[in-house]
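Data block below; observations after.
Please treat every number below as a calculation from the coordinates, not as lab data. Quick caveat, the model's predicted, so the values are computed rather than measured. Counting neighbours? That spans all protein chains shown, and the Cβs are built from the backbone with ideal geometry, glycine included.
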Amino acid sequence: MTTLPSKMKGWTVTSNGEPKKALTLKHDLPVPKPPPTGSDILVKILYAAINPVDLHFMNVLPSWLPIRYHPTPGFDFSGEIVAVGPSVKDSHPELKIGEKVCGAMATKQVTFGKGALVEYVTVPAEMVSLVPRETSGGLSLEQAAGLAGIAGQTASFMAEQGRVEKGWRVVVIGASGGVGSLLVQILKSKGAVVYAICSEGNKTLVEGLGVDEVIPYDTHAPVEKYLEEKFKDQQLDLIFDCAGNEVIYTNSPKYLKQGGRFLTIVGGRSQGIVPFILYKMRPVILGGTPRPFELLALMPGGALARKAVEYANEGAIKEAPVDSEYAMEDAVKAYEKLAGKHAKGKIVIKVGA
Ligand SMILES: NC(=O)c1ccc[n+]([C@@H]2O[C@H](COP(=O)([O-])OP(=O)(O)OC[C@H]3O[C@@H](n4cnc5c(N)ncnc54)[C@H](OP(=O)(O)O)[C@@H]3O)[C@@H](O)[C@H]2O)c1
């Protein structure tokens, strides 16, 4: 078994608020003691990818509660297995010491302070996937963290919930972000005609993901008028919202078929209860929009992590765009970039080597 150090580096949330105020890098956190119990595995983290939900946790969940005192943030990781629990050889025989894995920490773990922005984590074997095969076009370990993390899992979940059929005309709002950049590729692989909305500045990136047409929302402002002109005669089957564009929803009867659906991952409880009540519950007779507003919430899990990797292995996901890579010491800068809401794919932190 690899000899592990007794102390490790890791970021902790020492007070709630913006990343600069909230985060402290510690060098003396205890390394989980090997071997793990049951079907847990101990992973040396090589890359962590960060997500908007980390910022919500940092702002909202008290960092002083005894059950999550000075919690470590972060869900997504890729890394190397350094020890396995006694049940792993039967439950997950593919997960051996030395194998590279990727995935997201369980929500419960992060809620109780055991996030991924540290050098070593213990995680249930069920939560991870082996990294994409090298033959699949060579997605790197850096890309694997976002692919099998929250972004890739959410994209896989949205595609599953969309039940898209060949030839369907779909719009993806926020196509250049962590989730959107993977979702457009999955939808293309299912035979959909994909119209991708992003800023003019990200047009080239999104075109490179193989979509049928990019609609820059700043060039074609107001974009809901543009959608009306473009799709009034041949309406859309589905709209996927990865950016929280409420105006596109409220105007949707002008370009989304009757029977078409609006699936969003933004506008839920974490973004405020008002949009949820207005769009989900207000009857049409009281001014509600006559199209279903479906709000999806991801529970990170291994099945979706493995599904995202499978998409990469079979060539449906060819690119997992990385906006930028930061050193472990620069995690605050990474989170500040994320808070700007204009990342091109994933922001990744190099944790170990
Ligand atoms: N419900 C869930 O379970 C769940 C799961 C994952 C994520 N989320 C939420 O989903 C959202 C996206 O997550 P992410 O990880 O993809 O975030 P991200 O990587 O930060 O991407 C955000 C993207 O939004 C785009 N954007 C900003 N304003 C826009 C506008 N007006 N119209 C179209 N696009 C716009 C930006 O592209 P441009 O620079 O091109 O504008 C950027 O690429 C976040 O709000 C996150 O909290 C929810």
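On the given criteria, is V206 touching a strand residue (DSSP E or B) at 6+ places or on another chain (Cβ under 8 Å), more than 9 Å from the ligand (Cβ to nearest atom) and of a type in the set (A, V, I, L, M)? Judged against the criteria, V206 is not a match.
Scanning the stretch 84-106 for residues that are among the hydrophobic types (A, V, I, L, M, F, W, C) and within 20 Å of L141 (Cβ to Cβ) yields V84, L95, I97, V101, C102, A104, M105. Of the residues making up the stretch 324-335, those that are surrounded by fewer than 22 Cβ atoms within 10 Å (Cβ to Cβ) and within 17 Å of the chain's Cα centre (by Cα) are S324, E325. Considering the stretch 223-321, the qualifying helices (runs of 4 or more DSSP H), each wholly inside and each with 1 or more residues that are more than 16 Å from the ligand (Cβ to nearest atom) and surrounded by fewer than 19 Cβ atoms within 10 Å (Cβ to Cβ), run over 223-231, 302-313. Picking from residues in the stretch 278-305 that are in contact (Cβ under 8 Å) with a residue 40 or more places away in the chain and over 14 Å from the mean Cα position of the chain (by Cα), the one that is farthest from E134 (Cα to Cα) is T289.
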